[in-house]
Amino acid sequence: MAWLILAFGIYTNNKALLTLVLVTATSEIAWYVELFAIIFNLDYNLTLLDYLLEDRD
């Protein structure tokens, strides 16, 4: 979905929309880095995924 919004922002030259996509993508990069670190058992923890991985009884 982000690629569609990015394409629309580039097409319309909407700077606010492009900034929104840039900020969102930047925050998602850290989330994906931590996810792949957990998947590949690397010792890297930003605690962004704690809400997904916590034990709920």
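The values are calculated or read from the model by the stated rules, or taken from the named source; none is laboratory data. Model, not experiment: these values are computed from the prediction. We place every Cβ from the backbone using ideal geometry, glycine too, and count neighbours over all the protein chains shown.
For this structure, a couple of remarks:
- Options E34, E54; residue that is of a type in the set (D, E) and either at pLDDT 80 or above or surrounded by 11 or more Cβ atoms within 10 Å (Cβ to Cβ) (or both): E34
- Only one of the listed residues (N45, N14) is over 14 Å from the mean Cα position of the chain (by Cα), modelled with pLDDT of 85 or more and on the phi < 0 side of the Ramachandran plot. That residue is N14.
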